[in-house]
1. Can you check what the net charge comes to around MET1, using other residues whose Cβ is under 11 Å from the Cβ of MET1 (Lys, Arg +1; Asp, Glu -1)?
2. Which of ILE67, ILE98, ILE240 moves most in a GNM of the chain, Cα contacts under 10 Å?
3. Of all DSSP beta bridges located in segment 74-214, what percent are antiparallel, nearest 5?
4. With the cut-off at 1.5 for a/c, could you classify segment 149-304 from its C-alpha gyration tensor as rounded, prolate or oblate?
5. Taking the solvent-accessible surface of protein heavy atoms with a 1.4 Å probe, what is the per residue accessible area of the chain in Å²?
6. Using a 1.4 angstrom probe on the protein heavy atoms only, could you order LEU133, LEU260, LEU23 from most to least accessible area?
7. For the chain, which DSSP H helices look membrane-span-like by this rule: Cα extent along the axis of 27 Å or more and mean Kyte-Doolittle of at least 0.0?
8. Have a look at ASN263, ASN71, ASN216 and tell me which one the Gaussian network model of the chain (Cα, springs below 10 Å) gives the largest fluctuation.
Amino acid sequence: MKIGIMSFAHMHAYSYADCLLKLEEAELVGIFDDDVSRGKEAANKYETIHFGDQKEFLAEEMDAVIICSENIRHKEMVINAARAGKHILCEKPIATTIEDAQAMIDVCADCGVTLQIAFPVRFSPAIQQVKQLIDNGELGEIVAFRSTNRGQYPGGWFVDKEQSGGGAILDHTVHMVDIMRWYLGMEVVKVDAILDSFFQNGDIDDAGLLTLEFENGVIASHDVSWSRLPEYPTWGDATIEVIGTKQTVKADGFGEYFRLFSNERKSLTHVLYGSDIDFELIKDFVNCIKQGKSPTITGHDGLKALEVALTAYENACNFSR
């Protein structure tokens, strides 16, 4: 299967490209990036062709594209790729507005192409085991969730609202909202939030606390931030605690690691030994296309997760310090 990557603006593009190289049934046939220097560097690294022109890239023979651009450009690239007949894996969040997300979903449906959203946390073995416990009724009736998604300050276009659409709330809410929706099969009906810039002297949110209510009455809290220092042992976390009437369980999507102590700048690092959730995401995307199946994580899933993050901004109050 021939796959291209559109933009290396998002660092996940490098991980996804590495994953494609590991799949025997997939071939990375080209990279589009109108940041010519970045695009050529990535093309040299992965021994493929760089295209500086989007139309020229999409005219190439390929089955699918992976989009890793700035958030604001997801709509443009998804629509152009769909009209060119390419199946699409789009980095999260799906878009920066509900209207753009719906337009992307509609065009992909009209063109008969797959639109899958990059929520790799769904492929964490720990997260999947909790899903199985819930489906088997072993936790009883779900009462509440507590979740976190805390990482390092990304800088660059991520902190430019015109390109990103929002700060840490948008960046780190969608993953765990997707997991909660997946666990329950229910939608969020109420969102409240406290947010502010706590760790950087910027005008974009870098931390917040969300409280959610689902349509069946389940409540949830979500602790989200760009709070991890560069010296922290790992990039961050993606945890969820599920409180049931029979049992309570907790899982960390990045929890499979060894603790490594050394004399380096980071005296303690976490070395992952478990499944590569990015690889499982890419493998799933390729398999869905090969088998003609509906995507595991749909555009609608991306839209509903985005909706929660945007509602958090609408209903938020800033922390008084």
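1. Numbers: positive: LYS2, LYS290; negative: GLU24, GLU25, GLU27, ASP63.
Taking every Cβ under 11 Å from that of MET1, the sum is -2.
2. Most flexible of the set in this elastic network: ILE98.
3. Working: 8 of 12 bridges.
The antiparallel fraction comes to roughly 65 percent.
4. Rounded is the answer for segment 149-304, as its axis ratio a/c remains below 1.5.
5. Details: 14430 Å² over 321 residues.
Per residue, the chain has 45 Å² of solvent-accessible surface.
6. Working: LEU133 50, LEU260 85, LEU23 10 Å².
Descending accessible area places them as LEU260, LEU133, LEU23.
7. On the way: long enough: none.
Qualifying helices, which must be both long enough and hydrophobic enough, do not occur.
8. For the chain, modelled as a Gaussian network with Cα springs under 10 Å, the answer is ASN263.
The values are calculated or read from the model by the stated rules, or taken from the named source; none is laboratory data. What you are looking at is a predicted structure, and each value in this text was computed from that prediction instead of being measured. Note: ideal-geometry Cβ built from the backbone for every residue, glycine included; neighbour counts use all protein chains shown. Protein only, heavy atoms only, side chains kept; ligands, DNA and RNA dropped before computing areas. Shrake-Rupley method; radii C 1.70, N 1.55, O 1.52, S 1.80 Å.
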